[in-house]
Amino acid sequence: KDCDVANTQQCREACANTGVVVTAGIGKSFEVLGRDILGIPTTPRPNFAISPHDARILASFESDAAAGYFQLFATISGDYFLDISLDSMQIPGSPFVVHVLPSEANASTSTAVLPYS
């Protein structure tokens, strides 16, 4: 889905149902839910790994005794893929789609391009 359309809110809602939605220039984190073979939640371990398919997505993993979090940051809008694995095996649903939406225009950094006479 092309998220560069005029109705950005409608696009955000549609993209939210099909993957992770990130706005360009704004970092986003999401929690990792580690589970054992019976599906019982466990404390996340440091051998979770995140691997973007494109260098334009920056990703990292952080954990403490209670939880683990992936951090995402992108500066160019578009759709990207992200592998998430545990002990070198991809978790169900991986690779995940990351929808990077364009950020809002800012008056202080915008310019007018005038036609040549």
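Within the range 1-43, if we keep just the residues that are more than 28 Å from L86 (Cβ to Cβ) and over 19 Å from the mean Cα position of the chain (by Cα), the residue that is modelled with the highest pLDDT turns out to be N7.
Here is a yes/no grid of residues against (1) in contact with a Ser or Thr (Cβ under 6 Å, 6 or more places away or on another chain); (2) part of a loop (DSSP other than H, G, I, E, B); (3) within 15 Å of K28 (Cα to Cα):
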| residue | (1), (2), (3) |
| --- | --- |
| F73 | no, no, yes |
| I84 | yes, no, no |
| H99 | no, no, yes |
| E104 | no, yes, no |
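Please find, within the range 18-59, the residue that is nearest to S94 (Cα to Cα) out of those that are among the aliphatic types (A, V, I, L, M), open to solvent by 60 Å² or more (accessible area, probe 1.4 Å) and in a loop (DSSP other than H, G, I, E, B). Ranking the candidates gives L33 first. Answer with yes or no whether S85 is at pLDDT 90 or above and of a type in the set (S, T, Y). In short, no. Scanning the range 97-117 for residues that are under 21 Å from the mean Cα position of the chain (by Cα) and not polar (S, T, N, Q), we see that the one that is most open to solvent (accessible area, probe 1.4 Å) is E104.
The residues of the range 74-96 that are out of contact with any His (no Cβ under 8 Å at 6 or more places or on another chain), surrounded by 15 or more Cβ atoms within 10 Å (Cβ to Cβ), within 17 Å of V32 (Cβ to Cβ) and not hydroxyl-bearing (S, T, Y), listed by number, are I84, L86, I91, F96.
The values are calculated or read from the model by the stated rules, or taken from the named source; none is laboratory data. Remember, predicted model here, so these are calculated numbers, not experimental data. Counting neighbours? That spans all protein chains shown, and the Cβs are built from the backbone with ideal geometry, glycine included. For accessibility, only protein heavy atoms count, side chains too; no ligands or nucleic acids. Shrake-Rupley method; radii C 1.70, N 1.55, O 1.52, S 1.80 Å.
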